[in-house]
Amino acid sequence: MIRFFENYSLKSHNTFRVDAKAKYFFEFTEAEDLDEFLSSNESWKEERLIVLGEGSNVLFLDDFDGLVIHPKVPGITSVYEDRHNEWLEVGAGEVWDEFVQHAVTYQLGGAENLSLIPGMVGAAPVQNIGAYGQEVCTLIEKVKGYDLEKRCLDEYSGNACNFEYRNSIFKNYLKNKFIITSVIFKLDKFPEFNLKYGQLEEKVKEKGAINLHTVRQSVIEIRNSKLPDVKELGSAGSFFKNPIVDDSVTKKLRSQFVGIPVYPGADGKSKLAAGWLIEQCGWKGKREGDVGVHDQQALVIVNYGNASGQEIYDFSEKIKQSVFEKFGVELEREVNCI
């Protein structure tokens, strides 16, 4: 099934609820539909193009003068299993948290720490979503999609996706060149639980048994206590990445700021808590007009009503500048500004 619109409002397709419009909007449910649509008119090659799922990691600064492609491919299918694992192929249009719920219901582990992350399955590899010590890249066996330059279906193994912290080949070299239609995940029949991040272990133990259901429920409760419901308050989750810095920078910061949270990284680097840095600069709970920082989580910028994308962006610039002036650390946006 396909749907096509001109001058289409994207307010319901971005969790910031910014009322931007797209010149053209195309939605499809099968990969073959996409090939047929693009082949029907060569002029699409000249249009600026973006791929948009639920828009949970996007900030529109203005109307989009081009073609928005919205994959809505459904389905969760078991493609293979052995004694220890099961492989599920999941359509790009499936809601991420509904897939996590499906995995937990069928006693398949690996995704439970990623519960309640907003967005569609197709966006998960792009951003290499992560939470509570887990990244989705460890679950991805294969990413299937449509190559816009070759005009054909193609696929990438998990190893070929160049996954890094909140990064992948789809966010760089293949950005808006490869449209993800489905993802194959390798899940565990006998999961080993990862409870060492934050207060997760304590929360799970309060529930008695440690299993997939109690881990998922604990993650949901923690996230709900700290993060706004995007259905009630516009946001895009964590607006900034946690900065990765050299250990020499970490050593200097520790000497200047007692209690600064630091997490081990790779290759002689450390990860800093962006939320802590922002909070120390006095931004937590601060509001300017319809834009503000959430009062429970300093990493989250929210739209309290009718803020424009440009107003949200300008507000984030002030946060970046104040953190740099106080700590000498450059924050990088996790949100994709368009």
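The values are calculated or read from the model by the stated rules, or taken from the named source; none is laboratory data. Given the structure is predicted, the values throughout are model-derived calculations rather than measurements. Reconstructed Cβ throughout: ideal geometry from the backbone, glycine too, with neighbour counts over all protein chains shown.
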Practice problem: Of the conditions (1) out of contact with any helix residue (DSSP H, G or I) (no Cβ under 9 Å at 6 or more places or on another chain); (2) in a strand (DSSP E or B); (3) among the acidic types (Asp, Glu), Glu141 clears all except one; give me its number. | Solution: (1)
Quiz item: Between residues in region 40-58 that are more than 15 Å from Glu149 (Cβ to Cβ) and residues that are surrounded by fewer than 19 Cβ atoms within 10 Å (Cβ to Cβ) and not small (Gly, Ala, Ser), which pairs lie under 6 Å by C-beta distance while being six or more apart or on different chains?
Solution: Ile50/Asn176; Asn57/Asn336; Val58/Asn336
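Name the residue that is farthest from Ala111 (Cα to Cα), counting only residues in region 192-220 that are charged (D, E, K, R) and surrounded by fewer than 18 Cβ atoms within 10 Å (Cβ to Cβ).
Here is the first cut: in region 192-220, the ones charged (D, E, K, R) are 192, 196, 201-203, 205-207, 216.
Next cut, surrounded by fewer than 18 Cβ atoms within 10 Å (Cβ to Cβ) only: 192, 196, 201-202, 205-207.
On the way: Glu192: 11, Lys196: 15, Glu201: 16, Glu202: 19, Lys205: 19, Glu206: 21, Lys207: 19 Å.
Result: Glu206.
Residue by residue, here is whether (1) over 18 Å from Arg223 (Cβ atoms); (2) touching a Pro at 6+ places or on another chain (Cβ under 9 Å); (3) exposed (fewer than 13 other Cβ atoms within 10 Å of the Cβ) holds:
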residue: Ser255; (1), (2), (3): yes, no, yes
residue: Gly265; (1), (2), (3): yes, no, no
residue: Lys269; (1), (2), (3): yes, no, no
residue: Trp283; (1), (2), (3): yes, no, no
residue: Lys286; (1), (2), (3): yes, no, no
residue: Asp290; (1), (2), (3): yes, no, no
residue: His294; (1), (2), (3): no, yes, no
residue: Ala298; (1), (2), (3): no, no, no
Exercise. Tell me, please, whether a residue that is at pLDDT 95 or above, among the charged types (D, E, K, R) and either under 20 Å from Val335 (Cα atoms) or in a helix (DSSP H, G or I) (or both) can be found in region 91-104.
Key: yes
Quiz item: Just one of the numbered conditions (1) in contact (Cβ under 8 Å) with a residue 60 or more places away in the chain; (2) touching a Phe, Trp or Tyr at 6+ places or on another chain (Cβ under 6 Å) is not true of Arg83; which one?
Solution: (2)
Quiz item: Has region 162-179 got at least one residue that is within 17 Å of the chain's Cα centre (by Cα), among the basic types (Lys, Arg) and in a loop (DSSP other than H, G, I, E, B)?
Solution: yes
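Okay, residues lined up against (1) touching a residue at least 12 places away in the same chain (Cβ under 8 Å); (2) under 20 Å from Val58 (Cα atoms); (3) in contact with a helix residue (DSSP H, G or I) (Cβ under 9 Å, 6 or more places away or on another chain):
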residue	(1), (2), (3)
Ile210	yes, no, yes
Val215	yes, no, yes
Val230	yes, yes, no
Thr250	yes, no, no
Pro264	no, no, no
Asp267	no, no, no
Cys281	yes, no, yes
Quiz item: Does region 3-19 include one or more residues that are modelled with pLDDT of 95 or more, in a strand (DSSP E or B) and within 29 Å of Val300 (Cα to Cα)?
Solution: yes
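Conditions tested, residue by residue: (1) farther than 24 Å from Ile338 by Cα; (2) assigned to a strand (DSSP E or B); (3) of a type in the set (Phe, Trp, Tyr).
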| residue | (1), (2), (3) |
| --- | --- |
| Glu27 | no, yes, no |
| Gly53 | no, no, no |
| Asp65 | no, yes, no |
| Val68 | no, yes, no |
| Ser78 | yes, yes, no |
Practice problem: Tell me, yes or no, whether region 101-111 has at least one residue that is in the same structural domain as Glu135 (by TED's automatic domain parsing) and on the phi > 0 side of the Ramachandran plot. | Solution: yes
Quiz item: Which numbered condition trips up Lys186, out of (1) in contact with a helix residue (DSSP H, G or I) (Cβ under 6 Å, 6 or more places away or on another chain); (2) in a strand (DSSP E or B); (3) of a type outside the set (Val, Ile, Thr)?
Solution: (1)
